[in-house]
Amino acid sequence: MIWEMAYSAAVLLTRHCHFPSNLIPISYLQLSRFRKPDYFRCRSQFGTVLMSSSASETKDTAPYGSWKSPITADVVSGSDKRLGGFAADSLGRLFWLESRPTESGRNVLVGQADSEGSKPADITPKDFAVRTVTQEYGGGAFCIFGDSVVFSNYKDQRLYKQSVSSNDSVPVPLTPDYGGPLVCYADGVFDSRFNRFLTVREDRRESSTNATTTIVSVDLGNPIKEPEILVEGSDFYAFPRIDHKGERVAWIEWHHPNMPWDRSELWVGYLSENGDIKKRICVAGGDVSIVESPTEPKWAPDGELFFITDRKSGFWNIYRWVESTNEVLPVYALNAEFTRPLWVFGLNSYEFLQSSHKNLIACSYRKNGRSYLGIVDVGESKLTPIDIPFTDLNNITSGLNCLYVEGASAIHPSSIAKVVLDDQNSKVVDCSIMWSSSTISPSYKPYISSPELIEFPTEVPGQNAYAYFYPPTNPLFQANPDEKPPLLLKSHGGPTAESRGILNLNIQYWTSRGWAFVDVNYGGSTGYGREYRNRLIKKWGIVDVDDCCSCAKFLVNSGKADSERLCITGGSAGGYTTLAALAFRDVFKAGASLYGVADLASLRAETHKFESHYLDNLVGDDVAYAERSPINSVDKFSCPIILFQGLEDKVVPPDQARTIYQALKRKGLPVALVEYEGEQHGFRKAENIKFTLEQEMVFFARLVGHFRVADNITPIKIDNFD
């Protein structure tokens, strides 16, 4: 066991630390060839780590929740960067977009180092930030072509063009100034035939709650012109993609009341000599008898159109369009998900590989709670799994004779890996980390709790749901044998999202202090096919709540948690599930809602266009809206609650948190409300991420934990308690 810990620590070091130029890191493949020695040394910027197979430690006995841990709130909030997309230019140079909590969440485009030993270079100037707020959740905020990038600037939401070959280049605006961030752009591509940029545009000049969405062309020449509308008439658009000759454009569209994972349509338009669409055809999604949600269209080098859809099987698989006969044919059938819900723009789940004699596709797919990298031979309809050290994959992009893969695992934080395959494209020759969301000290490794995928029975007989369970883990502490740990259950957002068993320091903050933690994939989560996702249709506030309660009770019955110290937390839709569980069930003893929904009817009336009809599918009629809104059942709350809210949130307006706070305060329950200036839906600033984590911890400790936290945290005032 000690060897496995040492091995994992060495892997973590060599793959995630920034090594000085005079040191050569050991690659993952080199490590995998090692035997089990008595000890080994691994050099990095943290110094030499000596791991011995005969090492032993004496643990102190202390109550669960009171353990001291080096994984502090500062470590969690300050070290974890978020990836907002990545791409490679024609020369194979990698670029990525990272969000930096220490810079108030500013999104910066970064370029791969030009030479070995040099550092990656920031492309985005200090007074710019690369981020779009299209559909509020954004994504697809930049596009690399040639030696230039077109990006959306956060402050004014205008498109800018900038050179990526010079570190001191000045961004040049491409779109008009409307006097504020009234017009947003996302998911664009370069059209070399007409020297223009095709992109999704969301126009809020006439209405901020019912914006007009179109696909427009932006002239890349001077002077600045009003973008020309290329495609219009639908409620939403995504994935405008040009073929290699500039003769055809594909796109995805969908209409209210559907979300893109409910029903969508794939269209192809034929371009005229002046760049207009002269003819169009619906490739998939137009037949009302076929329930499907096509997504991610992409033109192969030979001009054939590929895309992903979930027709018939209910699983997102790769398909191709035979243009001559207007047929849609499966490339490879598998009960696995080859993409994920379109919450953000810019998804890129597969890429075409260069091959002299075969049509090959590199893809990521997800099955039974785990991701895989695979190579699909289109001609033979054959899938070859590729072994890499990630169990969780998202986007893929092509480089020069390599793939760049976004991935993570139980010991790897979110990272970008450069994957080089052999000549047959069947095995990994080399796999190296190009970027990591967190430079983690190896001293944290013994404190890392590994997730266990659990399957538990739901309220429906014969039906199961899934979760990732993290046991308390700390090499220096243990609890009394007769004590069971407090449990924090997380209900993820979306609700069409998925919890994933990857290294997340936010979770490790809890487990290293003696908490058990469980991340639930309740019915309605993605990753398990349409049937599983549809469990939540008309039953939001019922199925998700029941599954979270069933999971908590399952862990109590398994001896892994204390039934009197069950807490629940969640953000956004997860915050709603948290509040609903506390109002309509009596399983949990305290809860924390982060920008969560309290009033379903108000949310329906006030939320942004993208989700304005989402609740109709999830909730149902007006009676259900009223009955399932926690704010209408304040008399049923019976335990302490803390709420956190951003004051610039357009998805869940601040009045939701304020209303339930005032109601619980009047009722006499212990309650606290924390509001953040400048934060939107989700917290980006390091100081706010830290404060939220610490106050959530000390709130639970004071009210249900029966222990004192080891950290020096000044608690905020709790109404009806202090």
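With unit charges on the beta carbons (Lys and Arg positive, Asp and Glu negative) and the dipole taken about the Cα centre of the chain, which residue among 496, 468, 521 sits farthest to the positive side?
Checking the options against the dipole of the chain, the answer is 468.
How many percent of DSSP beta bridges within region 591-722 run antiparallel, rounded to 5? Provide the component values of the computation, followed by the final result.
Values: 2 of 12 bridges.
In region 591-722, DSSP labels about 15 percent of beta bridges as antiparallel.
Go through region 336-345 residue by residue and turn each phi into a ³J(HN,Hα) via Karplus (6.51, -1.76, 1.60, θ = phi - 60°); whole Hz please, and just put x for glycine and proline.
Karplus-based 3J(HN,Hα) across region 336-345 equals 8, 9, 9, 7, 9, x, 7, 7, 10, 6 Hz.
Among 333, 306, 319, whose Cα lies farthest out toward the positive end of the dipole of region 306-385, if unit charges sit on the beta carbon of Lys, Arg (+1) and Asp, Glu (-1)?
Selected residue: 333.
Longer than 21 Å from Cα to Cα, which of 484/553; 382/427; 119/161; 68/445; 155/690; 68/690 are they? Say none if no pair is.
119/161; 155/690
Aspartates and glutamates near residue 589 by alpha-carbon distance under 19 Å, same-chain residues fewer than 8 away left out - which ones?
483, 519, 544, 546, 547, 562, 564, 635, 694, 696, 719, 722
To the nearest 0.05, what FRET efficiency results for residue 563 and residue 665 with a Förster distance of 22 Å applied to their C-beta separation?
According to the calculation, E is roughly 0.20.
How about region 261-344: which GluC sites (Glu not before Pro) there are in a DSSP loop, with at most 11 other Cβ atoms within 10 Å of their Cβ?
Sites meeting the loop and neighbour criteria: 273.
Just how large is the dipole of the chain about the Cα centre, in debye to the nearest 20, putting +1 at every Lys and Arg Cβ and -1 at every Asp and Glu Cβ?
Numbers: 74 positive and 87 negative charges, 287 e Å.
Result for the chain is approximately 1380 debye, rounded to the nearest 20.
Indicate, rounded to the nearest 5 percent, the antiparallel portion of the DSSP beta bridges found entirely in the chain.
Percentage antiparallel, nearest 5: 80.
³J(HN,Hα) across region 323-335 via Karplus (A = 6.51, B = -1.76, C = 1.60, θ = phi - 60°), whole Hz, x for Gly/Pro?
After applying 6.51 cos²θ - 1.76 cosθ + 1.60, I find 5, 5, 10, 6, 9, 10, 10, x, 8, 7, 9, 7, 6 Hz.
Over region 579-667, what is the mean sequence separation of C-alpha contacts under 8 Å (at least six apart), divided by residue count, expressed as relative contact order in percent?
Rounded, it is 41 percent for region 579-667.
Non-local amide H neighbours of residue 158 (under 5 Å, H modeled in plane, Pro and chain starts lacking H): which ones?
153
Could you tell me what percent of the accessible area of the chain is made up of carbon and sulfur, with a 1.4 Å probe and every protein chain present?
Heavy-atom surface of the chain belonging to carbon and sulfur, 1.4 Å probe: 48 percent.
Of the listed peptides 483-495, 203-215, what is their order by residue-averaged count of other C-beta atoms within 10 Å, with the highest listed first?
483-495, 203-215
Over the chain, give the accessible area per residue in Å² for a 1.4 Å probe, as an integer.
Heavy-atom accessible area per residue stands at 40 Å².
Full extension from residue 228 to residue 119: what is 0.36 nm times the residue separation minus their Cα-Cα distance, to one decimal in nm?
So the extension gain works out to 35.2 nm.
Using a simple spin-label model with points 7 Å from Cα along the Cα→Cβ vector, what separation in nm is obtained for residue 706 and residue 209?
Here the answer is 4.8 nm between the modelled labels.
So which of 245/312; 418/685; 539/609; 245/279 end up more than 26 Å apart, counting from Cα to Cα?
245/312; 418/685
What's the magnitude of the charge dipole for region 61-155 around its Cα centre, counting Lys and Arg as +1 and Asp and Glu as -1 at the beta-carbon? Answer in Debye, nearest 20. Walk me through the numbers before you get to the answer.
Numbers: 10 positive and 11 negative charges, 58 e Å.
Using only the charged Cβ atoms, the result is roughly 280 debye.
Considering Cα pairs under 8 angstrom that are at least six residues apart, work out the relative contact order of region 153-239 and quote it in whole percent.
Values: 165 pairs, mean separation 19.4, N = 87.
RCO, region 153-239: 22 percent.
Using 0.36 nm per residue, how much length does the chain from residue 289 to residue 325 gain when fully extended, once their Cα-Cα distance is taken away?
Answer, rounded to one decimal: 11.0 nm.
For residue 424 and residue 357 in one chain, what is 0.36 nm times their gap in residues minus the Cα-Cα distance, to one decimal in nm?
Full extension of this stretch gives 23.1 nm more.
How far apart, in nm, are the 7 Å Cα→Cβ label points at residue 721 and residue 476?
Placing both labels 7 Å beyond Cα along the Cβ direction yields 2.7 nm.
Only one of the values (i) 32.8, 122; (ii) 28.3, 92; (iii) 25.4, 78 was calculated from this structure for Rg and Dmax of the Cα atoms in Å; name its label.
Only one listed value fits the structure, namely (iii).
Which loop trypsin sites (Lys or Arg not before Pro) in region 239-309, with loop taken from DSSP, have no more than 15 other Cβ atoms within 10 angstrom of their Cβ?
245
Based on the Cβ-Cβ distance of residue 658 and residue 534, what FRET efficiency does E = 1/(1 + (r/R0)^6) give at R0 = 41 Å, to the nearest 0.05?
It comes to 0.75.
Within region 589-687, which GluC sites (Glu not before Pro) sit in a loop by DSSP and count at most 16 neighbouring Cβ atoms inside 10 Å?
Numbers: sites: 606, 611, 627, 648, 675, 677, 679, 687; in loops: 648, 677, 679.
When the GluC sites (Glu not before Pro) of region 589-687 are filtered for loop state and at most 16 Cβ neighbours within 10 Å, 648, 677 remain.
List, in order, the whole-Hz ³J(HN,Hα) value for each residue of region 314-320 obtained from phi through the Karplus relation with A = 6.51, B = -1.76, C = 1.60 and θ = phi - 60°; use x for Gly and Pro.
Here the 3J(HN,Hα) series is x, 10, 5, 10, 7, 10, 9 Hz.
Among 88, 165, 150, whose Cα sits farthest toward the positive end of the charge dipole of region 49-167 (+1 at Cβ of Lys/Arg, -1 at Cβ of Asp/Glu, about the Cα centre)?
With unit charges placed on the Cβ atoms, the residue in question is 150.
The values are calculated or read from the model by the stated rules, or taken from the named source; none is laboratory data. Values in this document were obtained by computation on a predicted structure and should not be read as measured data. Don't worry about glycine lacking a Cβ; one is built from the backbone with ideal geometry, like all the others, and counts go over all protein chains shown. Please note that ligands, DNA and RNA were not included when accessible areas were found on the heavy atoms of the full protein model with its side chains. Shrake-Rupley method; radii C 1.70, N 1.55, O 1.52, S 1.80 Å.
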